[in-house]
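The values are calculated or read from the model by the stated rules, or taken from the named source; none is laboratory data. The structure presented is a predicted model; accordingly, all values stated were derived computationally and were not measured. Reconstructed Cβ throughout: ideal geometry from the backbone, glycine too, with neighbour counts over all protein chains shown. Please note that ligands, DNA and RNA were not included when accessible areas were found on the heavy atoms of the full protein model with its side chains. Shrake-Rupley method; radii C 1.70, N 1.55, O 1.52, S 1.80 Å.
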Amino acid sequence: MMADGTLTPVLMDVDTGVDDAMALALAWAAPQIELVGVTTVAGNVTLDQATTNTLRVLNTIGATDLPVYRGMSRPLVRDHFDAAHFHGNDGLGGALFPDRERSVEAMTAPEFIVQSARNYQGSLTLCFVGPLTNLAVALSLEPDLPDMVDHVVVMGGAFQMPGNATATAEFNIAVDPEAAEQVARSALAVVWIGLDVTHSTNLYREDWDLIDDSATGGPKVVREVCRQAFEARFADLMHLHDPLAVGVLQDPSLIVGVDLPVTVDTSVRQTAGTTRMMLDESTHTNQLVAVEVDAARFRELFGSVLGIPLSDRE
Ligand code: BDR
Ligand code: CA
């Protein structure tokens, strides 16, 4: 919510896999957020699959008129690698969502990001929960973008803990380290929501068991996209990476952040995509790296905004 009581305009960029789907459902249901559009990128799955998944999720939650823009089909300079081993070959764990006749907009994602920033005259917040390729391209189209948006919330990075794509790098950054580095070096005000905090925010099997099979809308999205993980892979929990970024949009006090410059390893070594905070207080920075999260309060928000019951487990 903005200071004057109006809704916060938010543009979401997604590579729709399991947790992106839950993040979209959460953002759509959030009473403080006005979603202005959704942009897609290659990440968890190919761009085509991510775009199809996004449309299916939006159809399921009733966001049938929310415009969707296709973005970059590959990282800036590297070959794309996906995370189908985790999200399932279709990215949504095989969830059967309605595939209504519906098309994407003609404009590209980076163009829409720039156009929206202009339209909203400084009040737009960007939320990136996939590789940062579209944002890097938008920055090259409009170098003044940092002055034109309020801030950017990024799900990405592993600052003080191991990575999940490689030993040291988190997936979204590992897929396109060059894009992440351009974002980190820009004057954009960025809140980094990395594994340091998302690994404390979980949907447990006990929570998932409480959602009815006949649920519709957001609860149906949560129920169906997690089915493969809980039923076929016997997972005990799912990290709520991307939903936490949306939670922070709604309530920034959920996290404690450190205001330090961020660097991204763009080498060709195994460490590519590693994110670090630089202990350099002389450098002015607009970056905030989340180092703590009130996981219990986020769980409460996640359950209440989506209207799903949660177990007592924490
Ligand atoms: C991030 O990587 C993707 O697999 C998830 O959707 C999330 O955005 C977590 O590292
Ligand atoms: Ca994602």
Convex hull (Cα only) mean projected area of region 244-303, reported in nm² to one decimal: 5.5
Among LEU195, GLY156, ALA232 the positive-end extreme of the charge dipole of the chain (Cβ point charges): ALA232
Net charge of neighbours whose Cβ lies under 12 Å from the Cβ of GLY157, counting Lys and Arg as +1 and Asp and Glu as -1: -3
Net charge contributed by nearby residues that have their C-beta within less than 12 Å of VAL291 (K/R +1, D/E -1): -3
Charge dipole (debye, nearest 20) of region 13-306; +1 at Cβ of Lys and Arg, -1 at Cβ of Asp and Glu: 340
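Could you work out what % of the accessible surface of the chain is carbon and sulfur, using a 1.4 angstrom probe and leaving DNA, RNA and ligands out of the count? Numbers along the way, then the final one.
Details: 6190 of 12490 Å².
Using a 1.4 Å probe with all protein chains present, the chain comes out at 50 percent carbon and sulfur.
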Distance from region 1-79 to region 285-314 (C-alpha centre basis), Å: 19
Within a Gaussian network of the chain (alpha carbon springs, distance under 10 Å), most fluctuating of SER186, SER103, SER73: SER103
Relative contact order of the chain, defined on C-alpha pairs under 8 angstrom at six or more residues apart (%): 20
GNM top mover of ASP242, ASP212, ASP13 - the chain, alpha-carbon springs below 10 Å: ASP212
Spatial separation of Cα centroids for region 209-252 and region 99-117, in angstrom: 26
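How much accessible area per residue does the chain have, counting only protein heavy atoms and a probe of 1.4 Å, in square angstrom?
Values: 12490 Å² over 314 residues.
With all protein chains present, the chain gives 40 Å² per residue.
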Sum of side-chain charges, ASP79 neighbourhood, beta-carbon under 15 Å (Lys, Arg +1; Asp, Glu -1): -1
Rounded to the nearest 10 Å², the accessible area of TRP208 at probe 1.4 Å: 10
